[in-house]
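For reference, the structure discussed in these notes is given below.
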DNA sequence: AATCGACATGCGGGAACCCGCAGATTTGGA
DNA sequence: TCCAAATCTGCGGGTTCCCGCATGTCGATT
């Protein structure tokens with residue numbers, strides 16, 4: 001049995017290697033890669049069926065790497081190993097996991113024992129293992145009180161990128177007013193309206209403030225922004241042509 | 001000789017411990033703490049004179065911890081050990097280092113040897129050691145082409161927090177127009193103006209876009225935002241009283 | 001069939017924002 | 001001491017943004 005480890009921090013990579021060898025005696029070879037691109041390449045060359053992936057790497061973060069790996073072999077078992085439990089990451093992963101695939105999400109702060117169990121459950125038993133704290137986010141993102149619609153998340157990204165209402169409208173094929181409607185819903189759900197103590201004047205620029213609190217609450221993060229920025233650049237390119 | 005290590009990741013903590021013992025045979029005791037608060041406490045109890053500090057921890061990140069440590073004993077030698085070379089971090093540190101203090105800034109990606117040299121230079125020779133990549137930022141932040149004035153950085157933070165022009169004016173004791181002037185300079189330096197191909201309409205909301213590119217360029221980061229948010233909350237508190 | 005909720009769209013107005021212009025004030029050297 | 005550069009300030013305007021109100025569509029429920 002082979003296991004591929006993709007992780008940019010050499011310390012964590014060594015630690016993972018140890019953990020894998022200890023938890024999986026049936027594993028005879030451990031491959032290692034230091035970034036997403038190298039990871040994809042190794043996975044392809046060795047037709048890896050078991051992968052441990054760090055999120056936040058560069059170039060090519062864990063989510064992107066997972067997408068291409070799963071596109072080539074959807075039955076690959078992937079364990080995501082990350083520092084944080086951000087909504088941006090969870091949303092990103094649940095968007096790309098193929099039907100029926102075995103995968104897991106374990107935080108780096110987890111104990112050795114929890115990591116060991118996750119490794120065996122996913123790689124041997126083909127079960128899904130999601131860390132408890134991450135689980136909480138998943139529930140929410142599926143539509144509870146603090147849950148956002150996909151379309152609301154879309155405008156959130158768009159204003160985080162700094163787009164104009166009008167531009168958002170064109171990009172999403174909506175009218176100007178509809179975009180503004182979504183924005184209002186977003187402001188509502190983010191609780192971005194000032195307490196409005198009596199007649200106190202407005203202190204916040206709602207649009208910017210919305211981005212701020214999303215960042216503070218980790219609804220979006222740096223890597224999500226980077227990815228969105230690249231998508232945007234591609235769209236701007238296309239739009240520039242068609243508009244002329 | 002004693003050395004205090006403050007680092008939340010247990011792996012990195014262990015690695016640092018090893019590195020310190022190897023580089024400094026004259027060091028007989030190594031203390032360890034897992035977050036900023038515990039670090040400050042240990043430093044106080046043991047009157048530590050040599051500290052290795054991780055930035056980005058919680059609660060209480062490295063910069064805050066360094067500030068209280070230096071306030072109590074300005075001659076303490078501190079080695080900052082961090083993942084990134086952000087402008088936000090560099091600016092934060094250079095703001096709090098006492099005159100004549102020995103300190104260093106080494107990236108986690110540095111080689112064992114470089115870390116060893118830094119440890120000896122700072123803790124034994126009382127020299128300052130700044131990683132080359134970080135050095136680059138320091139130059140810039142002191143006023144080159146892409147360098148920002150302190151006041152420009154101030155408004156950047158303020159709009160990143162989502163404040164209104166008017167609120168910024170009150171907070172910084174400026175007129176509305178002055179704030180807007182600074183904003184224009186900021187937009188200029190961030191290169192946030194669209195190429196303006198002929199008569200193409202504006203695609204970006206300048207204000208939001210400015211925040212976006214600052215994030216992408218790591219001029220501000222999550223922890224800087226969090227800190228600024230707390231400062232803001234404190235000011236809002238005070239302002240609420242005086243305004244009534 | 002009637003009703004309800006979620007979403008899209010138009011209109012209109014008040015507030016905030018972006019910015020050119022021009023005068024005042026401060027600052028840092030010759 | 002005096003000049004020049006940088007910074008602060010007010011005025012006026014065009015634009016964008018925020019949002020209440022009204023209308024229309026579509027699917028699910030009763």
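Just so you know, all these numbers are worked out from the coordinates, no wet-lab data involved. Predicted model, so just to flag it, every value in this text is computed and none were measured. Cβ sites come from the backbone with ideal geometry, for glycine too, and all protein chains shown count toward neighbours.
Points to keep in mind about this one:
- Taking the range A:2-141 and dividing mean pair separation by its residue count, relative contact order in percent (alpha carbons under 8 Å, at least six apart): 22
- The mean count of C-beta atoms from other chains within 10 Å of the C-beta of residues in B:163-169, rounded to a whole number, is 4.
- Inverting the pair-averaged 1/r between distinct Cα atoms of the range A:150-243 gives 14.2 Å as its Kirkwood hydrodynamic radius.
- Helix-derived mean residue ellipticity, 222 nm - over chain A, DSSP H n ≥ 4, -39500 (n - 2.57), to 500: -17000 deg cm²/dmol
- Computed over all pairs of different Cα atoms, the Kirkwood value for the hydrodynamic radius of the protein assembly as shown is 24.8 Å.
- Rg/Rg_ref, the range A:2-141, where Rg_ref = 2.2 N^0.38 Å and atoms are Cα: 0.93
- Using alpha-carbon coordinates, inclination of helix B:36-45 to the longest axis of chain B, degrees: 40
- Whole-angstrom Cα spans of chain A along principal axes, big to small: 67, 48, 31
- Highest average first, the peptides A:220-230, B:93-103 ordered by how many other beta carbon atoms sit within 10 Å of their residues are A:220-230, B:93-103.
- C-alpha long axis of helix A:222-243 to longest principal axis of chain A, angle in °: 60
- Averaged over the residues of B:106-115, the number of partner chain Cβ atoms lying within 10 Å of the residue Cβ comes to 1.
- Enclosed volume per residue, in Å³, of the convex hull spanned by Cα atoms of the range A:1-67: 68
- When every Cα-Cα distance of the range A:60-130 is counted in 10 angstrom steps from zero, the calculated P(r) takes the values 20, 54, 25, 0 percent.
- By average C-beta atoms within 10 angstrom, highest first, the peptides B:178-184, B:110-116: B:178-184, B:110-116
- Between the Cα long axis of helix B:176-190 and the first principal axis of chain B there is an angle of about 70°, rounded to the nearest 10.
- Per residue, the average separation of C-alpha pairs within less than 8 Å and at least 6 apart gives chain A a relative contact order of 14 percent.
- Neighbouring partner chain Cβ atoms per residue of B:210-216, average, 10 Å criterion: 5
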